[in-house]
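Colleague: Structure provided below as structure tokens; questions to follow.
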Amino acid sequence: MFELAPDEARLLLDIALMATGQNRFQSAMKILAALEPFRANEASLAVAKAILFISLQDFEGAVAYIDGDALPKFPHSAMLQAFKGMALLRMERTAEAREALSRAAASTDDPAAAQLAADLLPA
């Protein structure tokens with residue numbers, strides 16, 4: 001086994017997100033799976049997986065992953081809450097989405113997640 005420097009891991013994570021954005025979902029899945037042994041304890045990997053589920057339009061899978069795997073590891077991740085809210089909105093589960101998005105919007109630790117959640121909050 002080899003070591004992966006933090007900047008190398010971040011580069012691979014960025015490549016996985018670019019692949020997701022270009023609808024190269026299989027490639028993104030492979031990259032994220034390869035990163036798992038090196039970065040399993042980083043919320044950014046969990047967020048990237050959530051984005052992948054949402055990009056695949058697997059909103060139920062996104063919520064199941066976030067609730068079952070990601071939030072138990074990273075319970076204070078506002079970004080995970082924001083993406084959970086996004087997936088719930090896409091499933092028209094507005095009350096649940098509002099709850100997740102409100103938690104994320106109240107975050108002071110992650111301004112980007114707070115802004116994303118605030119922008120998604122239904123009126």
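The values are calculated or read from the model by the stated rules, or taken from the named source; none is laboratory data. Bear in mind that the values here come from a model prediction, so they are computed numbers and not experimental data. Note that each Cβ is placed from the backbone with ideal geometry, even for glycine, and that neighbours are counted across all protein chains shown. Heavy atoms of the whole protein, side chains included, go into the accessibility calculation; ligands, DNA and RNA do not. Shrake-Rupley method; radii C 1.70, N 1.55, O 1.52, S 1.80 Å.
Colleague: What single numbered condition from (1) part of a helix (DSSP H, G or I); (2) open to solvent by 60 Å² or more (accessible area, probe 1.4 Å) fails to hold for K49?
Modeller: Tallying (1) part of a helix (DSSP H, G or I); (2) open to solvent by 60 Å² or more (accessible area, probe 1.4 Å), K49 fails exactly one: (2).
Colleague: Please find, within the range 74-95, the residue that is surrounded by the most Cβ atoms within 10 Å (Cβ to Cβ) out of those that are in contact with a helix residue (DSSP H, G or I) (Cβ under 8 Å, 6 or more places away or on another chain) and of a type in the set (K, R).
Modeller: Residue satisfying both the conditions and the ranking: K84.
Colleague: Please list, ordered by first then second residue, the pairs with beta carbon atoms under 8 Å, 6 or more apart or interchain, first in the range 103-123 and over 16 Å from L88 (Cα atoms), second open to solvent by 30 Å² or more (accessible area, probe 1.4 Å) and part of a loop (DSSP other than H, G, I, E, B).
Modeller: Cβ pairs passing all conditions: D109/H76; A114/A106; A114/T108.
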